[in-house]
Amino acid sequence: MSQPHHHAPDHEDHSQHDHSQQAGPLADASVRVARLSDAPAVGFVQAVVFREAYAAVLAPEVTEQFQPQPFASAWRATLQGAASGDGVLLVACAGEQVVGFAAVGASSDPDAGDETAELLVLGVHPDARRQGHGSRLLHAVVDTARARGRSVLTAWPLASAEEVRAFLAAAGLAPDGAHRDRVVGPKGETVTEVRLTASVQDPADDRAVEESQ
């Protein structure tokens, strides 16, 4: 699955992470695999998240080009299978409303093996943060990676995104020394990203290996 930028599966439910015992609006919080009809909502959330994330490193005329429709169109094509590969798009919901999203797929890094999955993108609408949606999405990403036989998860957050990096670090992803400059603007504007890596092998798999030895 390629991550849609500003240029142009099975419905596995992760509701076990929905914290349904909590009171209030979080009682209806859940994460599920995206449907084709979710593309507009994901596009809207991504546009908001990307404009905020890149505001400190790109000029306003560049971030203003992060609009919902191109993102939605790219996700629609992905969900229709045109560019999905073994990737999965997940959505976080508050009731029926999509408030966050994450995509995970095989890593395309040249030094990555078949065991490596990549968190391609993760975002939660600013109005829905601090409610556990990001953590539920990341749990679902790990579950998805494991289900596809992956034991390593990587992510490429912006070097300047300290809050995002802290969130991922708290979940166990650590810098492995790799970094890259990625073109994100129509005039060749670039941003620096750093790679974070974590082992996501299921502890049950470790026990099975030990018992067989």
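Read the figures in this text as sums done on the coordinates, not as results from a lab. Everything quoted here is computed from the prediction, not taken from an experiment. Heads up, the Cβs are rebuilt from the backbone with ideal geometry, glycines too, and the neighbour counts pull from every protein chain shown.
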With label points set 7 Å from each Cα along the Cα-to-Cβ direction at Val183 and Arg129, the distance between them in nm comes to 3.0 nm
Contour minus Cα-Cα span, Asp28 to Thr190, at 0.36 nm per residue, comes to 54.4 nm
So, with points 7 Å from each Cα along the Cβ direction, the Asp202-Ser108 label distance in nm works out to 2.9 nm
Largest-first semi-axes in Å of the equivalent ellipsoid built from the Cα gyration tensor of the stretch 15-153 are 22, 22, 15
To the nearest 20 debye, the stretch 98-213 has a Cα-centred charge dipole, built from +1 on Lys and Arg Cβ and -1 on Asp and Glu Cβ, of 500 debye
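If you take the beta carbon distance between Ala159 and Gln80 as r and set R0 to 41 Å, what does 1/(1 + (r/R0)^6) give as a FRET efficiency, to the nearest 0.05?
E between Ala159 and Gln80, to the nearest 0.05, is 0.75.
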